[in-house]
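Have a look at the structure below before the remarks.
None of the figures in this text is laboratory data; all of them are computed from the coordinates on show. The shown structure was predicted, so the numbers you read here are calculated from the model rather than taken from an experiment. Cβ atoms come from the backbone with ideal geometry, glycine included; neighbour counts cover every protein chain shown.
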Ligand code: ADP
């Protein structure tokens, strides 16, 4: 009996010790697991562990490694997503189910005119646009164009996210697109308007000639002259339109070279000689022989013909046009001055616009297309130059341009 009691006591003592050891090991394991939660780089120490505790420790460690790998992958994806989003020109805003911002990229921040992160803030507190509220609150993917307060005209597309709780907004600045649409509409309307008159004259003259006027010795030649003048006018408009469209499309090939200003000017003068003689306008040139610019010679000729022709066309009969050029730092300033009626302040800054005329009837009567100066501006700027207009004293206008000066080496 005593033997049985002793054996029982021994078993009980062993069991108590084993439970105590297991409890201590389990506590250590729990502490080590909590350490991993606090610092994901830590691991359960298993060097001195044995048996089941070692297996459990290893299993917890491999779980911790899996979690760390997933966490790194998630972090990488998030960084990638943020840099892709920040590289977009479109604004991106992600909202949660309470319309709070969970993500917004740089472009969206710029469009909303905010510098801070805004993450966690309700979007509609910052952007008070009823169209935006309506868009966000609709339960389907939709889009709307709206004016952001203090921001651009914007096309907003809302896409529901998975589970339809939140949504992602894509914002596109459409200010330039809408402006270009208006410019294109105006341009088409202007072109039609410009073409209508010469086409109508050509048709009317041709019909009158066919109806018998061709045999009339007085009316016949007049009508034929009208046909010719208006056909010429159409050809001029079409040539200018073609130049502009080639310039717009970047198909007007400019071959920049060192060009002597005086040489090109003399060549340009031959194109306006007849007109100048007809109006008895004197064109005086004062340009140093050695002055050269970096320009495309054909483009520079076209620019000078346009400006000198305008001077001759708009100054009074018996008037004067002066063409001068001087070096000014790294540039050359070329001026075409006239002593004509000048251009009123309100028109001056607009004369480089397509089809803009300060004096429409005078321009048409002189055979102008209203496109010359816009071509001049395009060409000068394509060659890295500047162009402008100032009033001349005591009367008339000064059209000036600056082009990069060509440095010519003088050999002894
Ligand atoms: P246009 O073919 O009508 O001459 P441009 O584009 O060359 O077209 O010029 C635009 C307008 O600027 C002209 O219609 C004219 O009203 C004005 N303009 C241009 N040059 C002169 C000038 N030297 N003197 C007065 N007005 C000018």
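General remarks:
- Approximate spin-label separation residue 3-residue 37, in nm, with each point projected 7 Å along Cα-to-Cβ: 5.2 nm
- For region 87-173, the fraction of C-alpha pairs more than 17 angstrom apart is 39%.
- Computed [θ] at 222 nm, helices only, for the chain once each DSSP H run of length n ≥ 4 contributes -39500 (n - 2.57): -18000 deg cm²/dmol
- All distinct Cα pairs of region 306-406 go into the 1/r average, and the inverse of that average, the Kirkwood radius, is 13.9 Å.
- Taking 58, 302, 115 in turn, the Gaussian network model of the chain (Cα-Cα springs below 10 Å) assigns the largest fluctuation to 58.
- Contour excess over end-to-end distance, with Cα ends at residue 137 and residue 248 and 0.36 nm allotted per residue: 35.7 nm
- Cβ-derived FRET efficiency at R0 60 Å, residue 282 paired with residue 177, nearest 0.05: 0.75
- Choice from 326, 402, 203 with maximal GNM fluctuation in the chain (Cα, 10 Å cutoff): 203
- Whole-number D in µm² s⁻¹ for region 3-160, Kirkwood Cα-pair radius fed into Stokes-Einstein, 20 °C, 1.002 mPa s: 103 µm²/s
- Label positions at residue 27 and residue 218, each projected 7 Å from the Cα along the C-beta direction, are separated by 13.0 nm.
- Debye intensity ratio I(q)/I(0), log10, region 2-82, q values 0.12, 0.14, 0.15, 0.22 Å⁻¹ (C-alpha model): -0.52, -0.62, -0.67, -0.98
- Evaluated at q = 0.06, 0.09, 0.13 Å⁻¹: base-10 log I(q)/I(0), Debye formula over Cα of the chain: -0.54, -0.84, -1.11
- Considering only the chain, percent of DSSP beta bridges that pair antiparallel, nearest 5: 90 percent
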